[in-house]
1. Give the calculated FRET efficiency between Glu72 and Asn26 to the nearest 0.05, with a Förster radius of 35 Å applied to their Cβ-Cβ distance.
2. State the dimensionless ratio Rg/Rh of the stretch 77-123 (Rg: radius of gyration of Cα atoms; Rh: Kirkwood radius).
3. Can you tell me the mean projection area, over all orientations, of the convex hull of the stretch 2-130's alpha carbons? Units nm², please.
4. Quick one: what does P(r) look like for the stretch 51-101 with 10 Å bins over all Cα pairs, in whole %?
5. Amide H neighbours of His109 under 5 Å, at least 5 residues apart or on other chains, H built in the peptide plane: list them.
Amino acid sequence: MRRFILTLGLIWAAAWAQAQEVLAPNPAIESTIQSQFEAFLADDVATAWQYASPNIQRLFQTPENFGRMVREGYPMVWRPGRIDYLDLQTLGGLVVQRVQVTDCQGRVHVLGYQMIETEAGWQINGVQFLRAPEVGA
């Protein structure tokens, strides 16, 4: 699993290095992400699992494994304080929705949600921590 995550990170790094194109907001993508946030807030991992792509589902194998990973690795996704949708971009062929999440302690996190369109609609194919915008003094 570590090898897969490392490979995914390298793919994302290569995509970020390539030209970016900002797209118009996509309500279907935002709805998918929002629905997964709402499922996590309701402790409904089975529903949150439905918004994960087949690749993510193969990687974690069960909703329980997936839920554990989110609780431990992405606590701001498990229990967000505030969610703001930033821009939607294509990065080296990847579709990435940037989301700013303020956690319950007031810390700001910027996440890149890689999205793929499947027969089931838009699904989340990975989430990466991005650099949060710097606040001027």
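1. Calculated transfer efficiency: 0.75.
2. Over the Cα atoms of the stretch 77-123, Rg/Rh equals 1.06.
3. It is 7.5 nm².
4. Using 10 Å bins, I get a P(r) of 22, 39, 38, 1 for the stretch 51-101.
5. For His109, the qualifying residues are Val101, Thr102, Asp103.
Bear in mind these aren't lab numbers, they're just calculated from the coordinates by the rules spelled out. Note that the structure is predicted; figures quoted are calculated from it, not measured. Methodologically, a virtual Cβ is constructed for each residue, glycine included, from the backbone with ideal geometry; neighbour enumeration extends over all protein chains shown.
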